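Below is one structure, written out as structure tokens; comments come after it.
The values are calculated or read from the model by the stated rules, or taken from the named source; none is laboratory data. These numbers come from a predicted model, not from an experiment. Don't worry about glycine lacking a Cβ; one is built from the backbone with ideal geometry, like all the others, and counts go over all protein chains shown.
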């Protein structure tokens with residue numbers, strides 16, 4: 001028994017066998033299944049299928065020499081069953097692919113909505129900061145009022161001649177009363 005090799009022995013596993021395998025591109029199969037599912041859902045498909053069924057039944061009922069599928073139309077039922085057996089998984093595959101696209105699109109929309117919300121909140125904060133800053137900036141009316149008050153104060157500080165010809169001191173009015181600062 002020593003002349004038996006490990007390959008011939010039953011208690012040791014043999015080397016792996018080469019299996020016939022082929023690779024299938026899932027994207028190509030998915031696109032093909034979607035094209036079939038789209039076609040199965042069209043009026044054109046229903047029209048062609050209806051024409052086929054009418055011709056099939058007519059030939060099997062009325063053409064005596066061409067009868068390949070007599071009255072219970074077992075072959076036609078088998079064809080429909082085969083069509084349904086392939087159509088259902090193809091339609092489900094197409095729906096799953098559409099669901100995946102919808103999910104990716106929803107995630108992208110959600111991300112965009114979050115970004116838009118963040119941008120809107122940022123702009124709202126910036127607007128609030130600008131409103132506060134504008135509230136502290138001198139406006140044209142405020143500056144005009146301050147300049148008018150300054151002009152009045154300078155005018156009051158200049159010596160002016162009274163009716164008797166004597167000059168009053170700065171800050172004096174014609175009647176001799178001291179002018180008070182205007183209050184706003």
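See the values below:
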| read-out | value |
| --- | --- |
| Selected residue [closer than 21 Å to residue 32 by Cβ and surrounded by 10 or more Cβ atoms within 10 Å (Cβ to Cβ)] from 92, 123, 127, 78 | 92 |
| Close pairs from region 129-155: first assigned to a helix (DSSP H, G or I), partner modelled with pLDDT under 90, Cβ under 6 Å, at least 6 apart | 149/182 |
| Options 170, 159: the member that is at pLDDT below 85 and touching a helix residue (DSSP H, G or I) at 6+ places or on another chain (Cβ under 6 Å) | 170 |
| Test: residue 117 is farther than 30 Å from residue 30 by Cα and part of a helix (DSSP H, G or I) | yes |
| Some residue of region 77-95 being touching a helix residue (DSSP H, G or I) at 6+ places or on another chain (Cβ under 9 Å) and farther than 30 Å from residue 54 by Cβ | yes |
